[in-house]
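S.K.: Sending over a structure as structure tokens; questions will come in a sec.
The values are calculated or read from the model by the stated rules, or taken from the named source; none is laboratory data. All values reported here derive from a predicted model rather than from experimental measurement. Neighbour counts run over all protein chains shown; Cβ positions are idealised from the backbone, glycine included. Side chains included, ligands, DNA and RNA excluded: accessible areas come from the protein's heavy atoms. Shrake-Rupley method; radii C 1.70, N 1.55, O 1.52, S 1.80 Å.
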Amino acid sequence: PGLLRAYEEWRGALLPAVEVNGFELRYCADDDFLAALAKCRVESEKLSMESIGSLVLGFFAYYAGVFDWERYAVSVRLGRPRPREGWEACQPRRMGIEDPFEAERDICATLGKAGKLRGQERIFSELDRARRVLHSHLSGASGAGRAAAALAELLSDEGT
């Protein structure tokens, strides 16, 4: 549903609908869009050869140290970073995450006001802690024991 909603928003119109057994179904008949989507799927299948541990480590490493929080906000709806410039909801010096259902709402608005961003500082601290823990446990040989130890350490309150 999210993909179709984003497509409708981009297109500026609802997709055609048919009724089947009392249910209204919408479908996409845009061949160019479907071809691009198929290409993305093939490319993502090539990338999905990494282990889940490696992908999770990459996630935390990216958002803890690589993502440019000053220039961009996270947008699940777009599937890529959203420029902060021109986005009224995003406040300076605060991380920004777009609400996937209300694109003009920044769900980080509750992290603090007037320079008191303790919630944001805690999120950054935990992102970095997860990156460090996962890197120390998952670098080198793989195994369920290493993953279990990493998960146990992440779920503990120690180090926070």
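S.K.: Between V18 and D68, what is the spin-label point distance in nm, taking each point 7 Å from the Cα along the Cα→C-beta axis?
M.R.: Placing both labels 7 Å beyond Cα along the Cβ direction yields 4.6 nm.
S.K.: Say each of E126 and R11 gets a label point 7 Å from the Cα, pointing the same way as Cα to Cβ; how far apart are those two points in nm?
M.R.: Output for this residue pair reads 3.8 nm.
S.K.: Label Y27 and F101 with points 7 Å out from Cα along Cα→Cβ: what is the distance between them in nm?
M.R.: Distance between the two pseudo-spin positions: 2.8 nm.
S.K.: Under a 5 Å amide H to amide H cut-off, with H placed in plane at 1.01 Å, what residues pair with V76 once short-range neighbours are removed?
M.R.: It is E98, by chain and number.
S.K.: Once amide H atoms are placed 1.01 Å from N in the peptide plane, what residues at a sequence separation of 5 or more from W69, or on another chain, have their amide H within under 5 Å of its amide H?
M.R.: Here the answer is none, since no amide H 5 or more places off falls under 5 Å of that of W69.
S.K.: On a 1.4 Å probe surface of the protein chains, which of F23, F60 comes out largest in accessible area, and what is the full order?
M.R.: I get F23, F60, largest accessible area first.
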